[in-house]
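Read the structure below first, then the notes.
Computed from the coordinates by the stated procedures, all read-outs in this text should not be read as laboratory data. Predicted model, so just to flag it, every value in this text is computed and none were measured. As a convention, Cβ positions derive from the backbone with ideal geometry for all residues, glycine included, and neighbour counts pool all protein chains shown.
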Amino acid sequence: MSLYDLIISRRSIRQFKTDPISQGILRDVVNAGRLAPSAANRQPLEFIVVDEESKKKHLFSCLKWAGYIAPEGNPKPGQEPQAYIVVLVNTDIREKGFEWDSGAAIENMILAAWGKGIGSCWIISMDKDRVKEALGVPDSHKVDSVVAFGYPAEVPVIEDMKDSIKYWKDERECLHVPKRKLEDVIRFNKF
């Protein structure tokens, strides 16, 4: 699959198979994030891989999933993520302006995983204090976001956005994700 095809086929996944993800693959995914562009090359991001069962369960309880369709959008029992990568900001390196670094690193990780057939969901809505406490994150670090990973147990579809940005599930539990049409967002040489 070409890089372009990989990018346009990626969707957020919230239902996962129980197949484990090897630590070698998770290491490669973090490496892809580590090598993303970083403003002024400051590199404030650090990562915690969570794949131990008890820690995964605790972390899951700290996260908020699919706000538009909660709780139907939450992973069902037995379809929870098989691993998480918690993205941290070392505030001794950078206290603000790290969001661009995070976005680039997370997209790299999401695409690296998708290239190996692993789905993901980028989560920013969570109880960050509980996440910090559960993982022993020092005060010098800020929890930016969490990316959930696992082999997909669903196939979300995109559709042209009509009158709402809200994603929804149909009677077969298929997730529909409205996206603006290319013609509505692209301009050449002038507005």
Qualifying residue in region 16-36 (condition: farther than 20 Å from Trp114 by Cα and not basic (Lys, Arg)): no
- line: Subset of region 61-108, residues under 13 Å from Gly150 (Cα atoms) and either β-branched (Val, Ile, Thr) or under 15 Å from the mean Cα position of the chain (by Cα) (or both), comes to Pro75, Glu80, Pro81, Gln82, Ala83, Tyr84, Ile85
- prompt: Hey, among the residues in region 147-191 that are surrounded by fewer than 10 Cβ atoms within 10 Å (Cβ to Cβ) and of a type in the set (Val, Ile, Thr), which one's farthest from the chain's Cα centre (by Cα)?
  reply: Ile186
statement: Across region 113-126, the tally of residues that are part of a loop (DSSP other than H, G, I, E, B) and surrounded by fewer than 18 Cβ atoms within 10 Å (Cβ to Cβ) stands at 5
Subset of region 132-161 [of a type in the set (Ser, Thr, Tyr) and not in a loop (DSSP other than H, G, I, E, B)]: Ser145
- line: When region 29-54 is checked residue by residue, the ones that are in a helix (DSSP H, G or I) and buried (at least 16 other Cβ atoms within 10 Å of the Cβ) are Val29, Val30, Ala32, Gly33
field: Tally, over region 172-191, of residues that are of a type in the set (Val, Ile, Thr) and either more than 16 Å from Val155 (Cα to Cα) or assigned to a loop (DSSP other than H, G, I, E, B) (or both)
entry: 2
query: Among the residues of region 1-28, how many are crowded, with 17+ Cβ neighbours inside 10 Å and aromatic (Phe, Trp, Tyr)?
result: 1
statement: Restricting region 152-168 to residues that are of a type in the set (Asp, Glu) and out of contact with any Cys (no Cβ under 9 Å at 6 or more places or on another chain), the one farthest from Ala83 (Cα to Cα) turns out to be Asp163
query: Which of the residues belonging to region 169-183 are touching a residue at least 12 places away in the same chain (Cβ under 8 Å) and either acidic (Asp, Glu) or over 22 Å from Glu80 (Cβ atoms) (or both)?
result: Glu173, His176, Pro178, Lys179, Arg180, Lys181
task: Scan region 36-60 residue by residue and report those that are under 17 Å from the mean Cα position of the chain (by Cα) and either farther than 22 Å from Gln79 by Cα or of a type in the set (A, V, I, L, M, F, W, C) (or both).
output: Ala36, Leu45, Glu46, Phe47, Ile48, Val49, Val50, Leu59, Phe60
statement: Of the listed residues (Ile7, Ile25), the one being touching a residue at least 24 places away in the same chain (Cβ under 8 Å) and closer than 15 Å to Ala83 by Cβ is Ile25
field: Residues within region 61-103 that are out of contact with any Asp or Glu (no Cβ under 6 Å at 6 or more places or on another chain), assigned to a helix (DSSP H, G or I) and more than 23 Å from Pro178 (Cα to Cα), tallied
entry: 4
message: exposed (fewer than 15 other Cβ atoms within 10 Å of the Cβ) and assigned to a loop (DSSP other than H, G, I, E, B): is that true of Asp129 in this structure?
response: no
